[in-house]
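Each remark here refers to the structure printed beneath this line.
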Amino acid sequence: MKSKSRLFDPGIILVSILLICAAVVLIWWPTDVYLMGISLAGWLMFSSYGIWFILAVIYVVWKEKQSKTKNN
């Protein structure tokens, strides 16, 4: 049987997207840009919660689809 590369595993792909988002926030962290008294990095982290949720839903659907094709 031919095995797939681990680089194309849904978990690896989605974790790399999460790391990129976290890196963007951490790059902005030292700046003194404030919006309504909250640091811009704080706003970026807060707004990224929607991205985390969407990525979690994508992961679950992706893995379910993979398991269905593997079982058939």
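How do the peptides 37-45, 7-15 rank, highest first, by the average count of neighbouring beta carbon atoms within 10 Å per residue?
37-45, 7-15
With n ≥ 4 as the cut-off for DSSP H runs, can you work out [θ] at 222 nm for the chain, using -39500 (n - 2.57) per run divided by the number of residues, rounded to the nearest 500? All intermediate terms of the calculation are to be shown ahead of the outcome.
Values: 2 runs with 51 residues, N = 72.
Helices in the chain give a 222 nm mean residue ellipticity of -25000 deg cm²/dmol.
Nearest 10 degrees is fine. How inclined is helix 10-28 to the longest principal axis of the chain, computing both from alpha carbons?
Result, in degrees: 10.
For the chain, what does the accessible surface come to per residue with a 1.4 Å probe? Please give it in Å².
I get 87 Å² per residue for this part.
Pick the calculated Cα Rg over 2.2 N^0.38 Å for this structure from [x] 1.53; [y] 1.57; [z] 1.09?
[x]
Using Cα atoms only, what is the angle between the long axis of helix 40-71 and the major principal axis of the chain, expressed in degrees (0 to 90) to the nearest 10?
Taking the Cα atoms of the chain, the angle to 40-71 is about 0 degrees.
So, with a 1.4 angstrom probe, what is the percent of accessible area on the chain that is carbon and sulfur?
72 percent
Along Cα→Cβ, 7 Å out, is where each label goes; now give me the distance between the ones at residue 72 and residue 47 in nm to one decimal.
According to this spin-label approximation, the distance is 4.0 nm.
The values are calculated or read from the model by the stated rules, or taken from the named source; none is laboratory data. Just so you know, these numbers come straight off a predicted model, no measurement behind them. Cβ atoms come from the backbone with ideal geometry, glycine included; neighbour counts cover every protein chain shown. Heads up: the accessible areas ignore ligands, DNA and RNA and are worked out on the full protein's heavy atoms, side chains in. Shrake-Rupley method; radii C 1.70, N 1.55, O 1.52, S 1.80 Å.
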